[in-house]
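**Q** Mind having a look at this structure? Questions to follow.
What follows is calculated from the coordinates using simple rules that are stated; it is not laboratory data. All figures in this text were calculated on a predicted structure; none of them were measured in a lab. A quick note on method: Cβ atoms are made from the backbone with ideal geometry, for glycine too, and the neighbour counts reach across all protein chains shown.
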Amino acid sequence: SSNQDLAGRRIAISAGGTREPLDPVRFLGNRSSGRQGVALAAAAAARGAQVTLVAAHLEVPAPSGVTVRPVSTTAELQEAMQAAAKDADTVIMAAAVADYRPATVEPGKIKKDQAGDRLALELVRNPDILAGLAAARTPGQLVVGFAAETETDRGALLELGRTKLARKGCDYLVVNRVGWHEGFAADDNAVIVLDAAGAIVGEATGGKVSVAHAILDVVSNPPATGTS
Ligand code: C5P
């Protein structure tokens, strides 16, 4: 890209879905493909930013020209994002993070003959990485979160977004609709970007690359009254 408006910026981006092991061969995962986060990383690098991509499980290759830190579990993603955030002016949590993980990880394969016809899994809550990064942000550092929601009504979607924004304490929230056939694995995406006050500061529909650029337009031009 000829537009180098992110030159000198250091951006940490998480992408993909985390996996929580149940035993050595099984995990709890989600349908995130990592496409939107990868598109953000590629677009930010093309606009001159120095990008660290903390990559959970991706269905697409990581882009070239960015530093990739591969992770698998939520705990690993948290550690890698906290480290990457230390020298980033912008932190974007595009990863689909598991809200819960198995309370215990079995050292050997869970066996049908031992577990029987019903097997109950006990899950424990994972930490909210985004809320933690927002609470720990340094003056001037921007923290951007995503909200993937299955709500079809625009008003309800915005309402959910604004509630989530307040709970997470981030500077921007990218709200996008997901369902069985849209959002995660799809090539296209539709997003609304909210600022910390809940105002709509960006909106984009289209390929994940053009959506990425629209999100970065907001990030490249933070309001003077923005953070800290
Ligand atoms: O609460 P919810 O999962 O809808 O929030 C989504 C946003 O929060 C995303 O930016 C996601 O990366 C982040 N998140 C997180 N840690 C969690 C759950 C979600 O950072 N445990």
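**Q** Could you run the Karplus curve 6.51 cos²θ - 1.76 cosθ + 1.60 with θ = phi - 60° over segment 57-68 and give me ³J(HN,Hα) per residue in whole Hz, x for Gly and Pro?
**A** Rounded to whole hertz, the list is 6, 10, 9, 10, x, 5, x, 7, x, 10, 7, 9.
**Q** While we're on this one: Cα axis of helix 35-46 to longest principal axis of the chain: angle in degrees, 0 to 90, nearest 10?
**A** Here the helix axis deviates by roughly 40 degrees.
**Q** Where q = 0.10 Å⁻¹, what log10 of I(q)/I(0) comes from the Debye formula for the chain, counting one point per Cα?
**A** For the requested q values the scattering log ratios are -0.45.
**Q** Continuing with the same structure: Taking amide H atoms as placed 1.01 Å from N in the peptide plane, list the residues 5 or more away in sequence, or in a different chain, whose amide H sits under 5 Å from that of Ala147.
**A** Counting only residues 5 or more places away or on other chains, the set is Val174, Val175, Asn176.
**Q** Something else now. Which lysines have a Cα lying under 27 Å from the Cα of Lys164, excluding residues fewer than 8 positions away in the same chain?
**A** Lys86, Lys208
**Q** Then there's this: Based only on other Cβ atoms within 10 Å, what is the fewest-to-most ordering of Phe146, Phe27?
**A** The most exposed by this proxy come first: Phe27, Phe146.
**Q** Moving to a separate point now. Using the Karplus curve 6.51 cos²θ - 1.76 cosθ + 1.60 with θ = phi - 60°, what ³J(HN,Hα) values do you get for each residue of segment 21-30, in whole Hz, with x for Gly and Pro?
**A** For segment 21-30, the Karplus curve yields x, 9, 7, x, 10, 10, 8, 9, x, 9 Hz.
**Q** Can you tell me the dipole magnitude for the chain around its Cα centre, using point charges on the Cβ only (Lys, Arg +1; Asp, Glu -1), in Debye to the nearest 20?
**A** With Lys and Arg at +1 and Asp and Glu at -1, about 340 debye.
**Q** Also, quick follow-up: I need the phi-derived Karplus couplings for segment 4-17: 6.51 cos²θ - 1.76 cosθ + 1.60, θ = phi - 60°, integer Hz, Gly and Pro marked x.
**A** Per-residue couplings from phi come out as 9, 5, 9, 4, x, 8, 10, 10, 9, 10, 9, 8, x, x Hz.
**Q** Compute the acute angle (0 to 90°) between the alpha-carbon long axis of helix 154-168 and the principal axis of greatest extent of the alpha-carbon atoms of the chain; round to the nearest 10°.
**A** Compared with the principal axis, the helix lies near 80 degrees.
**Q** Also, I was wondering about something else. Given charges of +1 on the Cβ of Lys and Arg and -1 on the Cβ of Asp and Glu, with all other atoms neutral, how large is the dipole of segment 31-136 about its Cα centre, in debye to the nearest 20?
**A** 220
**Q** What is the antiparallel percent of DSSP beta bridges lying wholly in segment 74-179, to the nearest 5?
**A** Once the DSSP bridges in segment 74-179 are tallied, antiparallel ones form about 25 percent.
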